[in-house]
1. What's the carbon and sulfur percent of the chain's accessible surface, probe 1.4 angstrom, rounded to a whole number?
2. Springs between alpha-carbon atoms under 10 Å, Gaussian network over the chain: tell me which of A215, A178, A189 tops the mean-square fluctuations.
3. Relative to the Cα centre, what is the charge dipole magnitude of segment 13-237, using +1 at the beta carbon of each Lys and Arg, -1 at the beta carbon of each Asp and Glu, and rounding to the nearest 20 debye?
4. Tell me, what is the percent relative contact order of the chain, built from C-alpha pairs under 8 Å that lie six or more residues apart?
5. I'd like to check one number: the per residue accessible area of the chain, probe 1.4 Å, reported in Å² as a whole number.
6. Report the gain in length on full extension from A215 to T230: 0.36 nm times residue separation, minus Cα-Cα distance, nm rounded to one decimal.
7. Please arrange L147, L242 by accessible surface area, largest first, computed with a 1.4 Å probe and ligands excluded.
8. Tell me, what ³J(HN,Hα) does each residue in segment 126-132 have, in order and in whole Hz, if you take phi through Karplus 6.51 cos²θ - 1.76 cosθ + 1.60 with θ = phi - 60° and put x for Gly and Pro?
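The values are calculated or read from the model by the stated rules, or taken from the named source; none is laboratory data. The model shown is predicted, which means the values in this text are computed figures rather than measured ones. Note: ideal-geometry Cβ built from the backbone for every residue, glycine included; neighbour counts use all protein chains shown. For accessibility, only protein heavy atoms count, side chains too; no ligands or nucleic acids. Shrake-Rupley method; radii C 1.70, N 1.55, O 1.52, S 1.80 Å.
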Amino acid sequence: MNPRHRLAALAGGLVLAVFPGGAAHAQDPYAAPRQQMLADIVQITRDTRFETGRAQLSQRVTAAMAKVPRHRFVPPELERHAYANRPLPIGMGQTISQPFIVALMTDLLEIKPGDRVLEVGTGSGYQAAVLAELAAAVYTIEIVEPLARQATERLKVLGYRNVVTRTGDGYAGWPDQAPFDGIMVTAGAREVPPALLQQLKPGGKLVIPVGPMGAQVLMVYDKGTDGRATRREVLPVRFVPLTGGPR
Ligand code: SAM
């Protein structure tokens, strides 16, 4: 079952849990919805464990998700839906991804504190903020200029000083800043852009949705110390398409 459908199936039977960051936000009107979002993610992670190979997320990832104010990354009129476990429109025909998918993709990247990470598809900047809670530096590239501009401003206002943004085609990666310890693509690619595997350090991971619309699969590529990559399928997903690339 697709995680989106699974969410609908789970509604009403969610587990309450306490996550780091909750108590610190006594003044935050979204503290309780954010806690509920985390409880939803925990439940869906358990329910998808046979597909994903993960029964639970790392504590670092749940702590990061507990910290980032998702309501600051959505249009004001959608703020009250910010902690529902679903994607939301962010303008220009694009979306902020479903929180469970953000958590899963982040977990699959297995980021260590000193890592330098590339994200392709900045969108709202939310995923970049989650990555920034875990890595030393995040480089994020967005092809739609108004989205890149808004996300840059938003991340600055929220104090994410370890995120570097850029407008451009992430199909080519970010050669000036390569190599990266981890690379995440948050749009659906027809095939894996060769530059991304080239720009990954030996021992690094690339997390990317691959396949035609309607049949995308979330994939993890592990680059071995010999420079060769092995891949595994994680879960069927639905992302907006990765544009750009060779014409
Ligand atoms: N990570 C985003 C967030 O946290 O809000 C959500 C990403 S949205 C699902 C996919 C984004 O990828 C869109 O903003 C889209 O414009 C961008 N995109 C698509 N093709 C791209 C490319 N070749 N290079 C960079 N960004 C691209």
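1. The value for the chain is 54 percent carbon and sulfur by accessible area.
2. The residue with the greatest mean-square fluctuation here is A215.
3. In debye, rounded to 20, segment 13-237 gives about 300.
4. Here the relative contact order equals 14 percent.
5. Value returned for the chain: 46 Å² of accessible area per residue.
6. Gain on stretching A215 to T230: 3.3 nm.
7. If we order L147, L242 from most to least accessible, we get L242, L147.
8. So the Karplus estimates, Gly and Pro as x, are 5, 4, 4, 5, 5, 4, 5 Hz.
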